[in-house]
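Derivation of every value follows stated rules applied to the coordinates shown; laboratory data play no part. Just so you know, these numbers come straight off a predicted model, no measurement behind them. FYI the Cβ positions are ideal-geometry reconstructions off the backbone, even for glycines, and counts take in every protein chain you see.
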Amino acid sequence: MGHPATSLARMEPLFLPQYTGVSSYMAYTGMFFILVAFVLETRGRLHSRGAVYLWLMIVGSALLAVRAAHVREWAFLALEGIWCLAAVWALSRPFERAGPAPGSEPRG
């Protein structure tokens with residue numbers, strides 16, 4: 001019996017094994033979307049409740065969730081699935097901005 005990590009690395013994809021390369025590209029695309037949203041939000045170019053930010057998060061986390069299911073990464077699937085659902089929920093909620101978020105005042 002081999003090391004558990006070695007055994008997991010050899011596990012067949014859950015579905016469509018011939019698309020392992022495609023699911024890898026999907027993962028990189030999803031990662032890119034999430035990182036772009038994060039960088040733009042931290043630079044003050046997007047708001048975390050704005051539609052563009054949330055759509056980037058929805059698409060990115062959905063792509064990563066598909067990849068996670070494909071390669072049987074259940075914890076990562078749960079993380080990305082919940083993240084995607086949270087972004088969908090936030091997008092469906094009306095956003096009323098009462099004022100700047102704490103710590104977001106311009107530096108002078």
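Within the range 62-92, find all residues whose amide N lies under 16 Å from a label point positioned 7 Å from the Cα of Arg43 along Cα-to-beta-carbon.
Counting backbone N atoms under 16 Å from the label point, the list is empty.
Name the long-range amide H neighbours of Arg49: under 5 Å, sequence gap of 5 or more, or other chain; modelled H, no Pro or chain starts.
Amide H neighbours of Arg49, under 5 Å, 5+ apart: none.
Taking 7 Å along the Cα-to-C-beta vector as the label spot, tell me the Thr29-Ala51 distance in nanometres, rounded to one decimal.
Going from the Thr29 label point to the Ala51 one covers 2.2 nm.
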